[in-house]
Amino acid sequence: MAAVDRNSDVFYLELVQYLERSRAAVQGTGAVTVVMGNEAADLDSCVSAITYAFLLDREGGATSPPVVPLINIPRGDFVLRPDAVTLLTSSRLEASALLFEEEVDLSALKHASRLAQLVLVDHNRIASRQEQYLPHVVEIVDHHVDEKMYPETAKTHIALVGSCCTLVAKAFQKRYPQALASPTLRRLLKAGILLDSGYLDRSKGRTTDLDEEMAELLGGRGEEARALHKELNHQRHDISAMPTWDLLRKDYKQWALGGPEEGAWQVGVSSIGMDLLQMALKDPNMSSTCSVWSSKCQLDLLVLMGSYSDSDKRFFRQLAFVPSPNCKPSLLPRLVAFFQSNGVPVEPIDLPNLPEGAAAYQQLDTTLSRKKIQPVLVKFFNSHEAPASASES
């Protein structure tokens, strides 16, 4: 994927300087506003955090705290997102220029009274491990179901579009349209839109009119856009040699569901872009790896979401539920029955090398991605007693 010459790209030059200032601001002693992507830190989330933080910082002026983007994972985990690495590197934005959770220590900023404000992009419910920063949230830009788990005073831009980059592109169109002349900005934003929408494929149930409008604005049609999508999509899904541990953490989100964090169900969802049967057959130790991951994350339920296309280009989705040993055996039958009656039809499949008590299913509606499954999980666990009182004695 050829990089574009940036010599005349004013936005690119401004962005490089902005990222340098962001690092200096975090390392300094003054207050900062943090724009934080979600904990899966996929390409859409990374691009949205970087570009929207740039826009807010530009609008803030000299008297406002600097606005810095946070890629919400450890720096060492970024290599597990080869599509994002490829896009940014080919756009001449090296990982060394970005800020990860080690460098933007929210706890240290908060205790030093330096965390002025927090802006969430590509999620509207803050990760359970970061709930202590919820009072700092002042703005949200997101394309998931609105869970309304944020301060009432927060300004929200939430719409069920295919990509958060669609909403960021719309913000640039309204507030800094000149920047959209930049090949770098157009490329970054359209990559997020094309990947998350499956190249604007309406049959996958993600693409909206606004996604198509913004993609058109950014040059999201034609040979260059198709080649960009093909390369990044290949990078995202070329995970056949990745070990189970990395597959579990590559695209992972965790929520505290059903009550206050200390009494809630801890539910983690790993999205895995391959056939779960292939994953299980290549690793006879998958059962123990899943158990260790669940223990590390202190989970009550681990959900594996597999997705893949077969040789005939038919698309499939799978679910595997791995409950904690402390959960009652009746949990999974109740959960599956709830799914069936709430628009998530499934049928059981045989999947080897799962922990005892786990079960796997084929999704019959392949349009239901994680962002559409998550509200069903929320609804289920909101109606069930806390795990401490639901466990076997």
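Within region 190-213, which residues are open to solvent by less than 10 Å² (accessible area, probe 1.4 Å), under 12 Å from His143 (Cα atoms) and out of contact with any Asp or Glu (no Cβ under 7 Å at 6 or more places or on another chain)?
Within region 190-213, Asp211 is the sole residue that qualifies.
Please indicate, with yes or no, whether at least one residue in region 137-153 is in a loop (DSSP other than H, G, I, E, B), surrounded by fewer than 16 Cβ atoms within 10 Å (Cβ to Cβ) and of a type in the set (Ser, Thr, Tyr).
yes
Pairs, please: C-beta under 6 Å, at least 6 apart or cross-chain, first residue in contact (Cβ under 8 Å) with a residue 60 or more places away in the chain and in region 282-298, second in a helix (DSSP H, G or I)?
Close Cβ pairs satisfying both conditions: Asp283/Thr244; Met286/Thr244; Met286/Ala280.
What number goes with the only condition from (1) crowded, with 18+ Cβ neighbours inside 10 Å; (2) part of a helix (DSSP H, G or I) that Glu216 does not pass?
Against the list (1) crowded, with 18+ Cβ neighbours inside 10 Å; (2) part of a helix (DSSP H, G or I), Glu216 comes up short only on (1).
Quick check: is even one residue across region 203-226 touching a helix residue (DSSP H, G or I) at 6+ places or on another chain (Cβ under 7 Å) and closer than 22 Å to Met305 by Cα?
yes
Does Gly258 satisfy being touching a residue at least 12 places away in the same chain (Cβ under 8 Å), under 24 Å from Arg81 (Cα atoms) and buried (at least 19 other Cβ atoms within 10 Å of the Cβ)? First the steps, then the outcome.
Values: touching a residue at least 12 places away in the same chain (Cβ under 8 Å): yes; under 24 Å from Arg81 (Cα atoms): no; buried (at least 19 other Cβ atoms within 10 Å of the Cβ): yes.
No; evaluated as a whole, the condition is false for this residue.
Of all residues in region 325-353, how many are touching a Ser or Thr at 6+ places or on another chain (Cβ under 6 Å) and open to solvent by less than 70 Å² (accessible area, probe 1.4 Å)?
Qualifying residue count, region 325-353: 1.
Any idea which of Gly30, Gly61 is surrounded by fewer than 16 Cβ atoms within 10 Å (Cβ to Cβ), at positive phi and not hydroxyl-bearing (Ser, Thr, Tyr)? Steps first, please.
Working: Gly30 fails: at positive phi.
Result: Gly61 is the single residue among Gly30, Gly61 that is surrounded by fewer than 16 Cβ atoms within 10 Å (Cβ to Cβ), at positive phi and not hydroxyl-bearing (Ser, Thr, Tyr).
Is region 31-48 home to any residue that is closer than 26 Å to Asp251 by Cβ, assigned to a helix (DSSP H, G or I) and more than 16 Å from the chain's Cα centre (by Cα)?
no
Exactly one condition in (1) buried (at least 16 other Cβ atoms within 10 Å of the Cβ); (2) aromatic (Phe, Trp, Tyr); (3) touching a residue at least 60 places away in the same chain (Cβ under 8 Å) is not met by Phe321; state its number.
Among (1) buried (at least 16 other Cβ atoms within 10 Å of the Cβ); (2) aromatic (Phe, Trp, Tyr); (3) touching a residue at least 60 places away in the same chain (Cβ under 8 Å), Phe321 violates only (3).
Please specify each residue of region 73-109 satisfying the condition of being part of a loop (DSSP other than H, G, I, E, B), open to solvent by 30 Å² or more (accessible area, probe 1.4 Å) and at negative phi. Lay out the reasoning, then the answer.
Start the filter on region 73-109 by keeping residues that are part of a loop (DSSP other than H, G, I, E, B), which leaves 73-74, 81, 91-94, 98-99, 101-105.
So of that shortlist, the ones also open to solvent by 30 Å² or more (accessible area, probe 1.4 Å) come out as 74, 92, 94, 101-103, 105.
Selection gives Pro74, Glu94, Glu101, Glu102, Glu103, Asp105.
The values are calculated or read from the model by the stated rules, or taken from the named source; none is laboratory data. Source: prediction; values computed, not measured. Ideal geometry is used to build each Cβ from the backbone, glycine not excepted, and the neighbour counts take in all protein chains shown. In case anyone asks, the SASA skips ligands and DNA or RNA and just uses the protein heavy atoms, side chains included. Shrake-Rupley method; radii C 1.70, N 1.55, O 1.52, S 1.80 Å.
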